[in-house]
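Encoded as structure tokens, the structure appears first; notes follow it.
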Amino acid sequence: MVPSASEQNEDSSISREQIIWQVVCTIPPGRVASYSQIARLAGLQGLARFVGRTMSQLPEGSDVPWHRVLKQDGRIAFPPDSNRFLHQKRRLTEEGVLIKNGRVPMSQFRWEP
DNA sequence: GCGATGACTCCTA
DNA sequence: CTAGGAGCCATCG
């Protein structure tokens, strides 16, 4: 087989999106992770932005616990007045995640793989 | 092809 | 604490 330079593979190996979602699924309830950490565990260190963009493409009703992904400083990536923000915050609270002053303490920020 | 935008992060002042 | 700049990738006009 001669590899073409402009060959776009959709299904060739698991796409980065799939890996990212898979990593997110490994986050246990009661814990959270940052976009950068997800990127690192997915082998895409430094591509936190790509992780965020991938999350935006995640369809609703998915099994992926997207609400457990926060910014590096422990804050939710959505505007505080946004509906998504309230939804995510509520989801986290229901799982027992402590949110102090609008952000999650580092003690819950990382989990042991 | 380029600039702007987006569920980001880091460094410096 | 806030502000600005740079780096990263994919999508859109």
> Which whole-number percent gives the relative contact order of chain A, counting Cα pairs below 8 Å spaced six or more residues apart?
Replying inline: 29 percent
> Per the 1.4 Å probe, what fraction of the accessible area of chain A, in percent, lies on carbon and sulfur atoms?
Replying inline: 49 percent
> Amide H neighbours of A:LEU70 under 5 Å, counting only residues 5+ apart in sequence or on other chains, H built in-plane at 1.01 Å?
Replying inline: A:ALA33, A:SER34, A:TYR35
> In debye, nearest 20: dipole of region A:31-113 around its Cα centre with unit charges on the Cβ of K, R (+) and D, E (-)?
Replying inline: 260 debye
> HN-Hα J couplings of region A:57-72 from phi, Karplus 6.51/-1.76/1.60, θ = phi - 60°, integer Hz, Gly and Pro as x?
Replying inline: 8, 5, x, 5, x, 6, 7, 6, x, 5, 6, 8, 9, 10, 6, 5
>> Placing +1 on the Cβ of each Lys and Arg and -1 on the Cβ of each Asp and Glu in chain A, which of A:TRP111, A:VAL23, A:LEU98 has its Cα farthest towards the positive end of the resulting dipole?
In response: A:LEU98
>> Can you work out the Karplus-derived ³J(HN,Hα) for every residue in region A:31-40? Use 6.51 cos²θ - 1.76 cosθ + 1.60 with θ = phi - 60°, whole Hz, and x for glycine or proline.
In response: 10, 9, 9, 9, 4, 5, 5, 4, 4, 5
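Taking only C-alpha pairs under 8 Å that are 6+ residues apart, what is the relative contact order of region A:30-80 in percent? Intermediate values should be presented prior to the final figure.
On the way: 42 pairs, mean separation 21.5, N = 51.
Relative contact order comes out at 42 percent.
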>> Using just the Cα positions, wrap chain A in a convex hull and report its mean projected area in square nanometres, one decimal place.
In response: 8.5 nm²
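Per residue, how much accessible surface does chain A expose to a 1.4 Å probe? Answer in Å², no decimals. Mind showing how you got there, number by number?
Values: 7820 Å² over 113 residues.
Computed with neighbouring chains in place, this is 69 Å² per residue.
The values are calculated or read from the model by the stated rules, or taken from the named source; none is laboratory data. Here the structure is a predicted model, which is why all the values come from computation and not from measurement. Counting neighbours? That spans all protein chains shown, and the Cβs are built from the backbone with ideal geometry, glycine included. Quick note on the areas: whole protein, heavy atoms, side chains included, nothing else; ligands and nucleic acids left out. Shrake-Rupley method; radii C 1.70, N 1.55, O 1.52, S 1.80 Å.
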